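The values are calculated or read from the model by the stated rules, or taken from the named source; none is laboratory data. Because the structure is a prediction, the values reported are computed rather than measured. Every residue, glycine as well, gets a Cβ built from its backbone with ideal geometry; the counts of neighbours run over all protein chains shown. These accessible areas exclude ligands, DNA and RNA; they are computed on the full protein's heavy atoms, side chains included. Shrake-Rupley method; radii C 1.70, N 1.55, O 1.52, S 1.80 Å.
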Amino acid sequence: MTDGIEDTRRRIAVVGCGTVGASWAALFLAHGLDVAATDPAPGAEERLRRFVDRALEQLRALGCRGEGRLSFHTAMADALIGATFVQENAPENEGLKRRLLAEIDGLVQPEVVIASSTSALVRSAIVADCTHAGRHIVAHPFNPPHLLPLVEIVGGDAAAVASAVAFYKSLGRRPVVLSREMPGHIANRLSSALYREAVHLVEQGVASVADIDAAISHGPGLRWALMGPHMTYHLGGGEGGIAHYLEHLGPSQERRWAALGNPSLGPEVRERIVAGVAEEAAGRSIAELEAERDAALMGLLRLLGRGPAGGAA
């Protein structure tokens, strides 16, 4: 891959401008990178520009004040002209992504890294029809990407991965590189494991949806914003650390694992979850809840020094 990222990462093609794509676009623009966006959906440009305007205000408040230029192109081929990096964000459909990535692969220079924002699909499947498959990576963010630093990277070529890691770090992101591909990568697998048990607790009538959510957001969720599960249990082991924890409390952990549920999302469970979420939301719209979330995230990022202004996150 090309050296001198500051010189080569000047025009970013964003393919797919839903929530994730628009969020990526805002982050790139706030770092002074030009963005050529494309999306075939009706009204996509208007929605993109509306989202970007709001996200740029948030990023400026966090100290990220670059002024990249945004252009929108109906034809994907036009958006890819001169692209030095491609961020693809099409819907989570293996066949669609496979066809789309193969088309992109044939339109950009062989040295350009193409990153797919897939949340669960495996890289080997979606790049199967690409001539230059090595330069394709999975770059899965957590939503919204312009605020949350995590980017999960899966690649087949070490140089492409290294180039992407350096690029995302220059945007204040925190890349994690998987040694092997796995459906759902890391964060979504962990999130899914937690959500399965949250649904099981609803199914078993253990507590209300609101109290189950509160048990996380007012408890371990606060610690998880500071350190992950392994380090959290390391501290839980006291002076002996994780070794002491595993030796003395490992059996207790295994008993809890054995008691975890395996619920199904049948009609009755879905109805209870929907009703519980509605009660917890207390009439607040999705937009209002997103605004509350983003405001709190911005405060937390400031506190932790993990803003998007560049450098290691």
Item checked: For segment 146-282, with +1 on Lys and Arg beta carbons and -1 on Asp and Glu, the positive-most of Asn262, Leu148, Ser217 along the dipole -> Leu148
Checklist line | Calculated FRET value between Ser285 and Trp257, using beta carbons and R₀ = 25 Å, to 0.05 | finding: 0.05
Item checked: Per residue solvent-accessible surface (Å²) - the chain, probe of 1.4 Å -> 52 Å²
Note to self: Based on the alpha carbons, how large is the Rg to Rh ratio for segment 137-269 when Rh follows Kirkwood?
What the structure shows: 1.03
Next item on the list: Would you kindly derive the ³J(HN,Hα) couplings of segment 139-153 from the backbone phi angles with the Karplus curve 6.51 cos²θ - 1.76 cosθ + 1.60 (θ = phi - 60°), listing them in order in whole Hz, with x for Gly and Pro?
Entry: 10, 8, x, 9, 7, x, x, 6, 10, 7, x, 5, 9, 8, 10
Next item on the list: Filter the DSSP H helices in the chain by two things, a Kyte-Doolittle mean of at least -1.0 and an axial alpha-carbon span of 20 angstrom or more, and list the hits by number.
Entry: 44-61, 187-203, 241-259, 267-281, 286-304
Checklist line | Per-residue HN-Hα couplings for segment 121-135 [Karplus 6.51, -1.76, 1.60; θ = phi - 60°; Hz; x = Gly/Pro] | finding: 6, 8, 4, 4, 6, 7, 9, 4, 9, 8, 5, 10, 5, x, 7
Checklist line | Per residue Cα convex hull volume in Å³ - calculated over segment 237-298 | finding: 156 Å³
Next item on the list: Please name which of Leu33, Ala22, Leu62 has its Cα lying farthest along the dipole of segment 11-65 towards the positive end, using unit charges on Cβ (Lys, Arg +1; Asp, Glu -1) and the Cα centre as origin.
Entry: Leu62
Next item on the list: State the extension gain, in nm to one decimal, for the chain segment bounded by His230 and Ala187, taking 0.36 nm per residue of separation less the distance between their alpha-carbons.
Entry: 14.1 nm
Item checked: For Leu150, distant residues with modelled amide H under 5 Å away -> Phe142, Arg174
Item checked: Calculated FRET efficiency for the pair Ser264/Glu292, C-beta based, R₀ 35 Å, to 0.05 -> 0.65
Check: Counting pairs of alpha carbon atoms under 8 Å apart in space and at least six apart in sequence, what relative contact order in percent does the chain give?
Finding: 17 percent
Check: With every protein chain kept in the model, how would you rank Trp24, Trp224 by accessible area, 1.4 Å probe, largest at the top?
Finding: Trp224, Trp24
Item checked: Peptides ranked, highest mean first, by Cβ atoms within 10 Å: ranges 165-173, 281-289 -> 165-173, 281-289
Note to self: List the residues, sorted by chain then number, that are 5 or more residues from Leu70 or on another chain and whose placed amide H is less than 5 Å from its amide H.
What the structure shows: Val35
Notebook entry, point to check: Based on DSSP, what percent of beta bridges with both residues in the chain are antiparallel, to the nearest 5?
Noted result: 15 percent
Check: If the viscosity is 1.002 mPa s and the temperature 20 °C, what Stokes-Einstein diffusion coefficient in µm²/s follows for segment 9-105 when Rh is the Kirkwood radius over Cα pairs?
Finding: 161 µm²/s
Check: With the radius of gyration and the Kirkwood radius both derived from the Cα set of segment 72-178, what is their ratio Rg to Rh?
Finding: 0.93
Check: Can you work out D for the chain in µm² s⁻¹ from Stokes-Einstein, where Rh is the Kirkwood radius over C-alpha pairs, the temperature is 10 °C and the viscosity is 1.306 mPa s?
Finding: 75 µm²/s
